[in-house]
Amino acid sequence: MVTTALNTTKSEEIFSAAQKLMPGGVSSPVRAFKSVGGQPIVFDRVKGSRVWDVDGNEYIDYVGTWGPAICGHANDEVNAALRETLEKGTSFGAPCLKENILAEMVINAVPSIEMVRFVNSGTEACMSVLRLMRAFTGREKIIKFEGCYHGHADMFLVQAGSGVATLGLPDSPGVPKTTTAATLTAPYNDLEAVKKLFAENPGEIAGVILEPVVGNSGFVVPDAGFLEGLRELTQEHDALLVFDEVMTGFRISYGGAQEKFGVTPDLTTLGKVIGGGLPVGAYGGRKEIMSMVAPAGPMYQAGTLSGNPLAMTAGIKTLELLQRPGTYEKLEVMTKRLTDGLLEIARNAGHQVTGGNISGMFGMFFTEGPVRNYEDAKKADLSKFSRYHRGMLEQGIYLAPSQFEAGFTSLAHTDEDIDQTLAAAKIVLNSIAAD
Ligand code: PMP
């Protein structure tokens with residue numbers, strides 16, 4: 001294994017102090033590098049496609065703060081808009097015009113959304129949409145897919161992929177059995193399993209929720225006909241179809257996966273990109289369903305900081321930048337060159353790999369594949385991934401510290417960044433092969 005002298009003394013000091021102050025030293029589990037070993041890198045600042053740690057090391061970043069940084073970190077135009085808003089106050093706890101502006105942008109962009117409610121995170125969006133699914137249908141059971149993550153609300157912590165998978169926790173303690181009893185699970189891309197669940201629970205299923213392109217088992221795409229099949233099945237059973245587009249919304253196309261695949265769900269959750277780096281989540285859908293949400297209707301859901309002007313500003317400016325011509329084409333071309341390059345280099349070095357991308361979302365598994373669901377993803381060689389991750393870090397490339405996470409590019413990534421990344425991968429993947 002090639003090792004460069006990556007000096008991380010200050011990161012180590014700060015992280016060991018953090019471990020005494022916060023559980024595991026982090027504010028969110030996957031940041032802790034548990035699955036790849038070693039200590040996390042403590043960031044000092046970020047700009048464009050680059051991040052710098054507290055020891056002054058510079059990395060090309062493919063995490064993008066887990067998705068939001070699609071316009072590049074600390075984008076000048078987003079920052080300028082934020083500065084202007086900051087002067088007028090960060091939170092009103094009263095209606096503000098910027099909510100209307102972002103709401104209109106979301107409604108115009110996302111085919112299923114006629115009305116939207118802003119919240120502060122993807123978790124909140126999913127938790128609220130589940131309440132709405134139940135309120136609207138008067139049914140309690142839901143179907144989710146193994147390896148799909150919909151935030152950390154109790155009802156979703158069943159086969160939840162991502163951080164839960166990374167840490168190897170079967171189910172979280174503290175989640176009552178009675179809460180998850182109504183959460184039915186099926187393997188991703190398995191329409192027959194979903195049919196069977198509908199048949200076994202007649203008239204009891206409120207709806208089906210899924211990541212239309214999965215990012216939380218690593219990068220997994222829907223089989224041809226899978227999304228269409230779910231649309232038909234849910235309609236047949238008077239159940240709701242919900243796309244969790246927290247990761248894919250405004251990422252794989254401006255209108256999300258539903259625009260890309262031409263399948264319109266009843267409800268959609270959003271997060272990440274929609275907040276441009278500030279905490280924003282949203283859920284929306286048909287007017288008829290959204291009218292159940294308080295105060296228009298009886299389904300209660302609220303938030304002190306929801307729709308605050310600062311977060312709305314970051315979202316509005318980010319979406320404005322994404323509307324410029326050529327955005328998604330650029331992301332597609334660049335990310336495909338990255339993914340094709342990584343796969344080719346890995347195969348030439350003798351590794352079994354599979355992977356792909358849609359626009360600026362990508363992934364590579366150390367397994368022959370195909371990877372169509374979470375069971376397949378788990379066959380990937382995790383120890384090889386750890387060595388790859390560490391090697392890339394030492395070469396100045398910052399990848400998500402887990403095999404079960406998708407990667408992200410941004411509009412700030414350049415051809416030179418991709419060249420540099422592929423050159424690094426060549427060194428690392430060849431050295432792993434020689435281990
Ligand atoms: N849904 C999906 C598809 C996600 O990827 C995530 C976060 N990775 C969430 C929900 C939860 O969002 P948040 O972390 O903002 O609570």
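With angles folded into 0 to 90 degrees, how steeply does helix 382-394 sit against the dominant principal axis of the chain? Use alpha carbons for both and round to 10. For 382-394 against the chain, the angle is about 60 degrees.
Can you pull out the GluC sites (Glu not before Pro) in segment 1-98 whose DSSP state is coil and whose Cβ has at most 11 other Cβ atoms within 10 Å? Loop-located and lightly packed - GLU87. Remark: spin-label model distance LEU6-ALA423 equals 1.8 nm, labels positioned 7 Å along the Cα→Cβ axis. Each Lys and Arg Cβ is given +1 and each Asp and Glu Cβ -1; about its Cα centre, segment 17-126 then shows a dipole of about 360 debye. Summing charges over neighbours of ALA69, with a neighbour being any other residue whose Cβ is under 12 Å away from its Cβ, gives +3 when K and R count +1 and D and E count -1.
I want to make sure I understand the PRE zone here: with the label point 7 angstrom from the Cα of ILE101 toward its beta carbon, which residues in segment 252-286 have backbone N atoms less than 15 Å away? The answer is 275-276, whose backbone nitrogens lie closer than 15 Å to the label point.
A crude spin-label estimate for the pair ASP381 and VAL333, with each label 7 Å from Cα along the Cβ direction, gives 3.5 nm.
When the chain is fully extended, how far beyond the present Cα-Cα distance does LYS47 get from GLU416, taking 0.36 nm per residue of separation?
Answer, rounded to one decimal: 131.3 nm.
Note on ARG347 and GLN323: the model spin-label points, each 7 Å out from Cα along the C-beta direction, lie 4.1 nm apart.
Each of SER431, LEU322, ILE397 was placed along the dipole of segment 320-435 (beta-carbon charges, centred on the mean Cα), and the one lying farthest toward the positive end is SER431. Relative to the longest principal axis of the Cα atoms of the chain, the long axis of helix 226-236 lies at roughly 20 degrees.
Translational diffusion of segment 9-99, estimated by Stokes-Einstein from the Kirkwood radius over alpha carbon pairs at 10 °C in a medium of 1.306 mPa s, is 102 µm² per second.
When the Gaussian network model of the chain links Cα atoms closer than 10 Å, the mean-square fluctuations of GLY297, GLY360, GLY275 top out at GLY297. What angle, in degrees between 0 and 90 and rounded to the nearest 10, separates the Cα long axis of helix 191-200 from the longest principal axis of the Cα atoms of the chain? Compared with the principal axis, the helix lies near 40 degrees. Here the alpha carbons of segment 270-333 define both size measures, Rg and Dmax, at 15.0, 46 Å. Assuming R0 = 51 Å, what is the FRET efficiency of GLU58 and LYS287, from their Cβ-Cβ distance, to the nearest 0.05? Calculated value: 0.60. On the beta carbon distance between GLU368 and LYS196, with R0 = 30 Å, the FRET formula returns roughly 0.55.
Is it possible to state the helix-based mean residue ellipticity at 222 nm for the chain, with each DSSP H run of 4+ residues giving -39500 (n - 2.57), the sum divided by total residues, to the nearest 500 deg cm²/dmol? What is it?
Details: 15 runs with 167 residues, N = 435.
Using -39500 (n - 2.57) per qualifying helix, the result is -11500 deg cm²/dmol.
Entry note: the chain has Rg to Rh equal to 0.96, where both radii use alpha-carbon atoms and Rh is the Kirkwood radius.
In this structure, the amide hydrogen of GLY147, modeled 1.01 Å from its nitrogen in the peptide plane, lies closer than 5 angstrom to those of ALA160, GLY161, counting only residues at least 5 positions away or on a different chain.
Segment 266-302 and segment 17-33 have Cα centres separated by 30 Å.
By counting other Cβ atoms within 10 Å of each Cβ, how are ILE397, ILE101 ranked from fewest to most?
Going from sparsest to densest Cβ surroundings: ILE101, ILE397.
Using a 10 angstrom cutoff on alpha carbons, build the Gaussian network for the chain and name the most mobile of GLU99, GLU211, GLU200. Its mean-square fluctuation being the largest, the pick is GLU200.
Annotation: lysines with alpha-carbon distance below 29 angstrom to LYS144 (same-chain offsets under eight excluded): LYS34, LYS177, LYS195, LYS196, LYS260, LYS272, LYS287, LYS378, LYS379.
Of all beta bridges that DSSP places with both ends in the chain, some 60 percent have antiparallel geometry. When only alpha carbons are used to place a centre, segment 392-419 and segment 328-355 end up 12 Å from one another. Close amide H contacts of GLY281 (hydrogens built in the peptide plane, cut-off under 5 Å, sequence separation of 5 or more or a different chain): VAL119, ASN120, SER121.
Just so you know, all these numbers are worked out from the coordinates, no wet-lab data involved. Please read these numbers as outputs of a predicted model, since none were measured by experiment. Note that we place each Cβ from the backbone using ideal geometry, even for glycine, and neighbour counts take in every protein chain shown.
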